[in-house]
Amino acid sequence: MQRGFHGTGGKRHAAATRAVRLRAVTAILLVAAPVAASGQASGTDCRIDVTSLDFGEYSALDPFPNLAIGRVIVDCRGSNAFPARVSVSPGRGGNPFRRGMARGSHTLFYNIYADPARRRVAGDGSGGTMPLVPRLRTPIRNLFLLFGAIPPHQPVAAGDYGDQLRIELEF
């Protein structure tokens, strides 16, 4: 279902017939080199799978935030070495409390949280942010969830918006 949005004065803009389509976060993984070297020496084989957040269509008229959930799965075989900490970069904007997806010169603000209630901003643990905590832990698998939200009522141009985050795993 595509929904348009109205501009000032209640007049329909040409862009109102097009929905804002969002493909939100593409995560880039970075594992510290010393950790990888020590993991290889002990026979540990770790695989990392990241699911990006996809907020779907956004309308400035919706009264509620757009929500999305992403995940980071870490499978390690050959050892009990699991990430002690998973941190999330602030994205292109550099501020973890005001992340923004870009489309040219346009910005659509959003954020990523470490908890399902969306109260703790995901980050590296500094400045009031919180690293991710495992939601499921087994002998070979850890599951970490990212909870995303786009605040309502942001007047933005139609199109695809995106941001890139770096996910860091510390063992």
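Screening the range 131-140 for residues that are open to solvent by 60 Å² or more (accessible area, probe 1.4 Å) and not in a strand (DSSP E or B) and picking the one that is nearest to residue 165 (Cα to Cα) gives 140. For the range 119-130, a residue qualifies if it is closer than 30 Å to residue 156 by Cα and either assigned to a strand (DSSP E or B) or open to solvent by 30 Å² or more (accessible area, probe 1.4 Å) (or both), and the qualifying residues are 119, 120, 121, 122, 124, 127, 128, 130. Being over 16 Å from the mean Cα position of the chain (by Cα), closer than 17 Å to residue 72 by Cα and open to solvent by less than 70 Å² (accessible area, probe 1.4 Å) is the filter here; which residues of the range 141-171 pass it? Within the range 141-171, just 142 meets the criteria.
Within the range 146-166, residues that are more than 16 Å from residue 97 (Cβ to Cβ) have Cβ atoms under 7 Å from residues that are among the hydroxyl-bearing types (Ser, Thr, Tyr) in these pairs: 162/26; 164/26; 166/89, counting only partners at least 6 apart in sequence or on another chain.
The values are calculated or read from the model by the stated rules, or taken from the named source; none is laboratory data. Please read all numbers here as calculations on a predicted model, not as lab measurements. Note: ideal-geometry Cβ built from the backbone for every residue, glycine included; neighbour counts use all protein chains shown. To get the accessible areas, we keep the full protein, side chains included, count just its heavy atoms, and leave off ligands, DNA and RNA. Shrake-Rupley method; radii C 1.70, N 1.55, O 1.52, S 1.80 Å.
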